[in-house]
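Peer 1: Take this structure first; my questions come after.
The values are calculated or read from the model by the stated rules, or taken from the named source; none is laboratory data. This one's a predicted model, so the numbers in the text were calculated from it and none came from an experiment. All Cβ positions, glycine included, derive from the backbone under ideal geometry; neighbour counts span all protein chains shown.
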Amino acid sequence: MMDDLTQYPLTLEGADAPMVSFRNVTKRYGSLTVLEGLDLDVAEGEMIAIIGPSGSGKTTVLRMLMLERIQEGVIYVDGKPITHQAKNGKLVPASDRYLRRAREPIGMCFQHFNLFPHMTALQNCMEGPVQVLGMSRRDARERAEDLLEMVGMIDKKDQHPSRLSGGQQQRVAIARALAMRPKVMLFDEVTSALDPEVIGEVTNVIKKLVTEHNLTMLMVTHQMGFARDISDRVCFFYGGRIEEQGKPAELFDNPQRERTQQFLSAVKSAD
Amino acid sequence: MSYWEFLSEYGPRLIDGTLVTAAQFFLAAALAIVIALIAGLMKLSPYLPVRAPAVVYIEVFRGTSLLVQLYWIFFVLPLFGVSFDKFTAGFVAVGMNLGAYGAELVRGGIQSVPKGQWEAAYSLSMSPLRRMWRIILPQALLNMLPPWGNLLIELLKGTALVALISVADLMFEARQINGSTYLSAQTFGSALIIYYIFARLIITPFMRWLERVMRRKLGRA
Amino acid sequence: MFDWRWDFTWEILPRLFEATLNTMIAAGAGYAIAVVLGLVLALAQRTPWRVLTFVVREVVEFIRSTPLVLQIFFVFFVGPQFGIRLDPWTSGMIAIGLHYSAYLSEVYRGGIESVAKGQWEACASLSMSTRDTYFRIIIPQALPPSLAGMGNYLVGIFKDTPMLSVIGVAELMHTANAIGSENYRFLEPYTLVGVIFLAISLPAAGLIRVFEGWVRKKLGMQ
C-alpha cells in the first residue's frame, strides 16, 4: 500500500505549531509492524513520558526520531519534515544526508550511555560542537565545562568513561547531548541500566532540565513515579499504538482503558 | 670449522640478508596495512559496486598461495605491461597477500565496535566519514591489535619467499652460503634463529608496547 | 585475454591435474602428521613437568615464528650433513607436518582450555584416571570448538604445498615451473595454478563450515 504523500503539508507553520509531530507514522521491521498509524503532537517545552510493556513500540518512537527510517507517514520537527524533503513542491523520502541534517535539533540519551570510551568526559562533550558545529576548541571547551558543571561532573571531566560509574556516565551523556544545543531531547530508558542507588543522580539532572530550560522532551521510562512527577503528559503504548494518554495525575489515578489499568496494577505489584 | 669461525666468515652476509629482509618486511607491512584498511572498509560498504571488488580481492588472495601470487606478479604481470623489479615485486606480493588477511581483521574489528557507538555518533549528527574516523576506527584499532601481531609474524615469514625470485634477503643468502659450503645446519640454523629473534624479540614486543600505549590513550589502562 | 593460448592450455591441463593430485596427497599426508603430532605437543604442555612444558612451549613458538620454506630446506639439507639421506617427499612431509603441528597444538590448547572447569572436577569426583579424563571427557568436548581452526589449517597446509617445489617435490607449482621453462610460457601455467587453488580452497572452506555444523549437531552441542 503506497502512502499518499500529498496529504501531508510541506511545513507546519503558526504560533501553535507543535515542536514534534508524528503524522500517521508506521514502522515495520520486515513483516513485523512495530508501530501503526501513530499520530502524536508534542508542543514546544512539553515533557512527554512514554510508558508501556516491552514490545509495545515505545522505544521505537524515539528511534524513529533519531536513528531509523519509517515506512509510512511523516515526522516533523520544528515545523520541518525530517523523514521527507520537499522537492518541486512535493514531499519525497529524505536522503541520508538530509535526514541527518534535519535531525540536528534533536539530542538523544541512551539506556547504555554509549559514551565514546576513547575520550575523556570533556572530550565526549566537545566532540560534537567541534566536529559537527565547527566551534573553536576554546568555545567548545567552555560550553562543555559549563554543562559538566550543571550535571555535577566537572571534577571528573578528565576521566575516561571506564573510570566512571553508570550514573556518572549517564550524566556525562546528558551533557554531551546538550552540548549540541538541541531543541528536542530524547531519553531512552536512561535509568534502566543503573543500580537503584544512583538512579536519583540522573533523574535529578533531568528534573533540573525540566524546571530551568524550555526543552521539548520525550522520555521512555519504567519509573512510573518519576514520569508522574515531571511529565506534562503521559502516553501509554500498547501493541504499536497509543492506548491512552493524558495528564499524569489523570492517567495514573484514573486510567480509562482496561489495558492501562492492567499494566499499572502489574507495575505497582512489581514494586 | 667451528660455529664461531663460520659466523665470522659468513656472519656479514647473513646480516646483509637480514637488512634486506627487514626492508622487505617494513615495506610489505606498510602496504598490507594500507590495503587492509581500504579493502576492509570497502567490504563493509552497503553498495555492491564498492563491496564486490574488495570481496573478489580478498577471496582471490586468501584462496591461493603466496608463492603462486609472487610468481604471477613477477613473471606474468610483465606480459600485461606491468613490470616490477624483483625487489618491488617481492614486497608487493607479500603486502597484497597479507593485506587480504588484514582486511578481514579490519572488517572484524570494525564490526566488533558496539552498535551503540554508531548510534551515539549519529545522534551528534556526525557525518559517515567522521563517525568512522573519529569514533569507530580508534576503537576498532585497539580490538584488532593482538591479531595484527600474529599477522605481522606471518608477513615476516612470507618475506622469505622473495628469495625464490632472487631478492638477496636472509633466506637467499642462507641458500647461497649453503650451496658453497654445505654447512647446512650452521647456515639454515643461523637463519632460523635470526628470523626467530626478529619475530619474538622485535615484532611481538613492539606490538605489545603499541597495545599498551593505545590502551592508555583510549583510557582502558 | 592477452595472448592467452587455449591450445597450450588444453595441452598442459592433464599434467597440472596430475600434479594437483600430488599436491592433495602432500597436503593430506602433512596434515595427518600435524593432527597427531599437534595433539602430542598440546598435551605435553599440560604435564606437571615444568621443564618439558617450557621446552615444548618454546619449540612451538620457534616453529611458528620462522618461515616454513626455510624449515623445508633445513630438514632436506641437514640430514645428509650427518649421513641421513631423506628424499624430497619425506623431508617435505616432515617439515610441513611439523610446522602445522605447532599451529594445531595451539588450536587444541584453545579447545581444551574452553572446556568448563567443572568437567575436570566432575572427573576427579568420579576418580577417573588422567587418561580417561582426557580421552573420554575432555577431548570430545574440546573437539567442536577446535574444528574451525583445524579446518582453516587444512586449507592453509594445502596452500603452503607450493613451497615444497623448492626441494623438487612434483606438486602443482613445481610442475608449472617445469612446463613454463620447457615452453618459455609462464602465463598459462601460473594462472592455471592460481585458478586450481581457488577452485579447491574456496569450496573447501565452505565444506569445512558445513562439516563443523554437522559434528556439533551430532555431538548434541547445538
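Peer 1: With the range A:110-197 as the region, which helices (runs of 4 or more DSSP H) entirely inside it contain at least 3 residues that are surrounded by 19 or more Cβ atoms within 10 Å (Cβ to Cβ) and within 10 Å of another protein chain (Cβ to nearest Cβ)?
Peer 2: It comes to A:121-131, A:166-178.
Peer 1: Is it true that some residue in the range B:91-105 is in contact with a Ser or Thr (Cβ under 7 Å, 6 or more places away or on another chain) and surrounded by 21 or more Cβ atoms within 10 Å (Cβ to Cβ)?
Peer 2: Yes, there is a match, as at least one residue in the range B:91-105 is in contact with a Ser or Thr (Cβ under 7 Å, 6 or more places away or on another chain) and surrounded by 21 or more Cβ atoms within 10 Å (Cβ to Cβ).
Peer 1: Ok, one more. Please determine whether any residue of the range A:95-106 is under 25 Å from A:T216 (Cα atoms), aliphatic (A, V, I, L, M) and buried (at least 23 other Cβ atoms within 10 Å of the Cβ).
Peer 2: To start, the set of residues in the range A:95-106 that are under 25 Å from A:T216 (Cα atoms) comprises A:96-106.
Next, only the ones that are aliphatic (A, V, I, L, M) stay: A:99, A:102, A:106.
Filter again for buried (at least 23 other Cβ atoms within 10 Å of the Cβ), leaving A:106.
Scanning the range A:95-106, I find at least one residue that is under 25 Å from A:T216 (Cα atoms), aliphatic (A, V, I, L, M) and buried (at least 23 other Cβ atoms within 10 Å of the Cβ), so the answer is yes.
Peer 1: Looking only at the range C:126-140, count every residue that is within 23 Å of the chain's Cα centre (by Cα) and surrounded by fewer than 17 Cβ atoms within 10 Å (Cβ to Cβ) and tell me the total.
Peer 2: 2
Peer 1: I need the full set of residues from the range C:21-74 which are among the charged types (D, E, K, R) and within 14 Å of chain B (Cβ to nearest Cβ), in order please.
Peer 2: Hits for the range C:21-74 are C:R57, C:E58, C:E61, C:R64.
Peer 1: Restricting to the range A:55-83, and then to whatever is touching a Lys or Arg at 6+ places or on another chain (Cβ under 7 Å) and at positive phi, can you tell me which residue is surrounded by the most Cβ atoms within 10 Å (Cβ to Cβ)?
Peer 2: Among residues in the range A:55-83 that are touching a Lys or Arg at 6+ places or on another chain (Cβ under 7 Å) and at positive phi, the one surrounded by the most Cβ atoms within 10 Å (Cβ to Cβ) is A:G73.
Peer 1: Being among the β-branched types (V, I, T) and more than 21 Å from B:P128 (Cβ to Cβ) is the filter here; which residues of the range B:6-46 pass it?
Peer 2: Of everything in the range B:6-46, those that are among the β-branched types (V, I, T) and more than 21 Å from B:P128 (Cβ to Cβ) turn out to be B:I15, B:T18, B:V20, B:T21, B:I33, B:I35.
Peer 1: Between B:L137, B:L152, which is of a type outside the set (V, I, T) and at pLDDT 95 or above?
Peer 2: Within the list B:L137, B:L152, the selection yields B:L152.
Peer 1: Tell me yes or no: at least one residue of the range B:47-55 is under 30 Å from A:M108 (Cα atoms) and modelled with pLDDT under 95.
Peer 2: Scanning the range B:47-55 turns up at least one residue that is under 30 Å from A:M108 (Cα atoms) and modelled with pLDDT under 95.
Peer 1: Any chance you could count how many residues in the range A:225-271 are modelled with pLDDT of 90 or more, among the basic types (K, R) and over 20 Å from the mean Cα position of the chain (by Cα)?
Peer 2: Qualifying residue count for the region: 2.
Peer 1: Within the range A:84-91, is even one residue surrounded by 22 or more Cβ atoms within 10 Å (Cβ to Cβ), in contact with a strand residue (DSSP E or B) (Cβ under 7 Å, 6 or more places away or on another chain), modelled with pLDDT under 95 and in the same structural domain as A:H213 (by TED's automatic domain parsing)?
Peer 2: yes
Peer 1: Output the number of residues of the range C:175-191 satisfying the condition of being part of a helix (DSSP H, G or I) and surrounded by fewer than 21 Cβ atoms within 10 Å (Cβ to Cβ). Give the steps one after another, and end with the answer.
Peer 2: Taking the range C:175-191 first, the residues part of a helix (DSSP H, G or I) are C:175-183, C:187-191.
Checking the rest, the ones that are also surrounded by fewer than 21 Cβ atoms within 10 Å (Cβ to Cβ) come to C:177-178, C:180-183, C:191.
Here the count works out to 7.
Peer 1: Could I ask something else about it? Name the residue, out of A:F236, A:F252, that is hydrophobic (A, V, I, L, M, F, W, C) and in contact (Cβ under 8 Å) with a residue 60 or more places away in the chain. Spell out how you get there, then give the answer.
Peer 2: On the way: A:F252 fails: in contact (Cβ under 8 Å) with a residue 60 or more places away in the chain.
Of A:F236, A:F252, the one residue that is hydrophobic (A, V, I, L, M, F, W, C) and in contact (Cβ under 8 Å) with a residue 60 or more places away in the chain is A:F236.
Peer 1: Here's a follow-up. Going through the range A:102-133 one residue at a time, which ones are at negative phi and aromatic (F, W, Y)?
Peer 2: Across the range A:102-133, the qualifying residues are A:F110, A:F116.
Peer 1: Working only within the range C:165-214, note down all residues that are closer than 28 Å to C:P144 by Cβ, more than 11 Å from chain B (Cβ to nearest Cβ) and not acidic (D, E).
Peer 2: Residues satisfying the conditions are C:G206, C:L207, C:I208, C:R209, C:V210, C:F211, C:G213, C:W214.
Peer 1: Which residue pairs have Cβ atoms under 9 Å apart, sit 6 or more places apart or on different chains, and have a first residue in the range C:53-73 that is under 19 Å from C:I167 (Cα atoms) and a second that is surrounded by fewer than 16 Cβ atoms within 10 Å (Cβ to Cβ) and among the aliphatic types (A, V, I, L, M)?
Peer 2: Close Cβ pairs (under 9 Å, with a partner that is surrounded by fewer than 16 Cβ atoms within 10 Å (Cβ to Cβ) and among the aliphatic types (A, V, I, L, M)) amount to C:T66/B:I193.
Peer 1: Looking at A:E36, is it of a type in the set (D, E, K, R) and over 21 Å from A:Y238 (Cβ atoms)? Lay out the reasoning, then the answer.
Peer 2: Values: of a type in the set (D, E, K, R): yes; over 21 Å from A:Y238 (Cβ atoms): no.
When the stated conditions are applied, A:E36 does not pass them.
Peer 1: Then there is this: At least 2 residues that are within 14 Å of chain C (Cβ to nearest Cβ) in each: list the helices (runs of 4 or more DSSP H) lying fully within the range B:80-174 that qualify.
Peer 2: Values: elements: B:86-111, B:115-123, B:137-159.
Passing ranges, in order: B:86-111, B:137-159.
Peer 1: Look at the range A:1-51 and say how many of its residues are more than 26 Å from A:K90 (Cβ to Cβ), outside any strand (DSSP E or B) and in contact (Cβ under 8 Å) with a residue 24 or more places away in the chain.
Peer 2: 4
Peer 1: What are the residues in the range B:190-221 that are closer than 21 Å to B:D16 by Cβ, surrounded by fewer than 22 Cβ atoms within 10 Å (Cβ to Cβ) and at the interface with another protein chain (Cβ under 7 Å from one of its Cβ atoms), if any?
Peer 2: Residues satisfying the conditions are B:L192, B:Y196.
Peer 1: Continuing with the same structure: Quick one: would you say B:V68 is surrounded by 23 or more Cβ atoms within 10 Å (Cβ to Cβ) and free of Cβ contacts under 8 Å to residues at least 60 places away in the same chain?
Peer 2: Numbers: surrounded by 23 or more Cβ atoms within 10 Å (Cβ to Cβ): yes; free of Cβ contacts under 8 Å to residues at least 60 places away in the same chain: yes.
In short, yes.
Peer 1: Still on this model: Among the listed residues A:V198, A:V172, A:V205, identify the single one that is modelled with pLDDT under 95 and either within 15 Å of the chain's Cα centre (by Cα) or under 29 Å from A:V77 (Cβ atoms) (or both).
Peer 2: A:V205
Peer 1: Are there any pairs, at least 6 apart or on different chains, whose C-beta atoms fall under 7 Å, with the first in the range B:50-65 and within 11 Å of chain C (Cβ to nearest Cβ) and the second outside any loop (DSSP other than H, G, I, E, B) and hydroxyl-bearing (S, T, Y), and if so, which?
Peer 2: These pairs meet every condition: B:R62/B:Y101; B:G63/C:S201.
Peer 1: So A:L186 fits all but one of (1) at pLDDT below 95; (2) within 22 Å of B:A120 (Cα to Cα); (3) within 20 Å of the chain's Cα centre (by Cα); what number is the exception?
Peer 2: Unmet for A:L186, out of (1) at pLDDT below 95; (2) within 22 Å of B:A120 (Cα to Cα); (3) within 20 Å of the chain's Cα centre (by Cα): (1).
Peer 1: Collect the residues in the range A:209-265 that are surrounded by fewer than 17 Cβ atoms within 10 Å (Cβ to Cβ) and part of a loop (DSSP other than H, G, I, E, B), keeping them in residue-number order.
Peer 2: A:H213, A:N214, A:H222, A:D232, A:G239, A:K247, A:N254, A:Q256, A:R257
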